[in-house]
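Below is one structure; the comments refer to it alone.
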Amino acid sequence: MKLVTYLRDESDQLAILVGNTLYNTQDLHPDLPGNMQMFLLMWDDVIGIAKEADAQLKAGKHVGIGMGIPYDRVHVIAPVPFPSSCRDGYAFRQHVATARRNRKMEMIPEFDQFPVFYFTNHNAIQGPGNVYCMPDHFENLDFELEAAVVICRPGRNVTAAEADDYIAGFMIMNDMSARVLQMDEMKLSLGPAKGKDFSTVIGPMLVTPDELEHLLIPARPGHTGRNYNLKMTCKVNGIQVSEGNMGDMNWTFAEIIERCAYGANILPGDVIGSGTVGTGCFLELNGTGKLNDPNYPVQWLQPGDVVEMEIDGLGTLTNTIVKEESDFSILKLKK
């Protein structure tokens, strides 16, 4: 099942996507919530009803009282527009190892010992469309190609063996990064904070695990949880700059959730990112390019750039980078 949130009369409306047509959940069945927040909170009570409606629609049968709406006629927003929290992991060894090599640093052995994550600004979640950036953000502005999951059941001390049952579905994530702000902060062993808190993009839809069953692959040896063979790409202004695969995750989402839930409550609506796939950002690409050729022309995102991320089965997430009309700079406030 593919779940989409769009703006309807200035409110968030949840719909099931079949083909290129959206069907509002409340029109399909009176017991289905009309927004994603309530849908996740009521997950075990309503997921069966929603899946049955989805199956009927896919079979070409009329369901409920409403008519479908063409996908391209609505303003699609983040599938989970009001997450209860947002964490981002560090699951792809290729990205970590390459980024460290480019900085002439040894691979950190702790990467292979446990998964890590950081909290980012869940109030800066957005979906397809414009990403508004301040002048300081354009100091080495970067994309990060990732996948993400959303939690559908409350839990605490959840083990990796059971954690996949807490995943409502999968989305594309673009963990936007202002690298100069990020690097400045992290010299103080805190952050990334201001390098990340202005925008995290998810979407364009939430895809439930049953849609991806045919793409299941084994987790890495010694690891626990589901893994998926899903090609991941990113284009900037129509030119592909990144390619990887969700199956290359060294740490599974189940293992990341296990760590998130240790001694802490996870809640319906929590969003958890995978971390950047190998080749999945300009920071890594520029570093590799410079290592191989000192004259390599580095690239960062600029005003007007169009970023298109695609993951097999999860759709295409498209954003345009927009410069805010302001000259306010916190970098200039440095003492």
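The values are calculated or read from the model by the stated rules, or taken from the named source; none is laboratory data. The shown structure was predicted, so the numbers you read here are calculated from the model rather than taken from an experiment. Cβ: placed from backbone, ideal geometry, glycine included. Neighbour counts: every protein chain shown.
Close Cβ contacts (under 8 Å, 6 or more residues apart or on different chains) running from residues in the stretch 114-128 that are over 16 Å from GLY195 (Cα atoms) to residues that are among the β-branched types (Val, Ile, Thr) and not in a strand (DSSP E or B) comprise PRO115/ILE256; GLN126/ILE77; GLY127/ILE77; PRO128/ILE77. Counting only helices (runs of 4 or more DSSP H) that fall entirely inside the stretch 20-118 and contain at least 2 residues that are surrounded by fewer than 19 Cβ atoms within 10 Å (Cβ to Cβ) and among the acidic types (Asp, Glu), the qualifying elements are 43-58.
Checked against the criteria, GLY19 counts as outside the structural domain of GLY315 (by TED's automatic domain parsing), modelled with pLDDT of 95 or more and on the phi > 0 side of the Ramachandran plot.
Is it the case, given these coordinates, that THR320 is among the polar types (S, T, N, Q), on the phi > 0 side of the Ramachandran plot and assigned by TED's automatic domain parsing to the domain that holds ALA161? First the steps, then the outcome.
Working: among the polar types (S, T, N, Q): yes; on the phi > 0 side of the Ramachandran plot: no; assigned by TED's automatic domain parsing to the domain that holds ALA161: yes.
Judged against the criteria, THR320 is not a match.
MET205: within 24 Å of GLU255 (Cβ to Cβ) and buried (at least 17 other Cβ atoms within 10 Å of the Cβ), yes or no?
no
Could you please let me know if ALA147 is assigned to a loop (DSSP other than H, G, I, E, B) and surrounded by 15 or more Cβ atoms within 10 Å (Cβ to Cβ)? Against the criterion (assigned to a loop (DSSP other than H, G, I, E, B) and surrounded by 15 or more Cβ atoms within 10 Å (Cβ to Cβ)), ALA147 does not qualify.
Pairs linking a residue in the stretch 48-63 that is in the same structural domain as GLN26 (by TED's automatic domain parsing) and at pLDDT 95 or above to a residue that is surrounded by 10 or more Cβ atoms within 10 Å (Cβ to Cβ) and in a helix (DSSP H, G or I), with Cβ atoms under 6 Å and 6 or more positions apart or on different chains, are ALA53/LEU28. Within the stretch 287-312, being without any contact (Cβ under 8 Å) to a residue 60 or more places away in the chain and closer than 22 Å to ARG93 by Cα holds for GLY289, ASN292. The residues of the stretch 1-19 that are over 19 Å from the mean Cα position of the chain (by Cα), in a loop (DSSP other than H, G, I, E, B) and either of a type outside the set (Gly, Ala, Ser) or surrounded by 17 or more Cβ atoms within 10 Å (Cβ to Cβ) (or both), listed by number, are ASP9, GLU10. In the stretch 1-29, the residues that are closer than 19 Å to ILE202 by Cα reach residues that are of a type in the set (Lys, Arg) and not in a strand (DSSP E or B) with C-beta atoms within less than 8 angstrom, at least six apart or across chains, in these pairs: MET1/LYS51. Across the stretch 87-101, not a single residue is classified as without any contact (Cβ under 8 Å) to a residue 60 or more places away in the chain, more than 24 Å from PHE143 (Cβ to Cβ) and assigned by TED's automatic domain parsing to the domain that holds ILE202.
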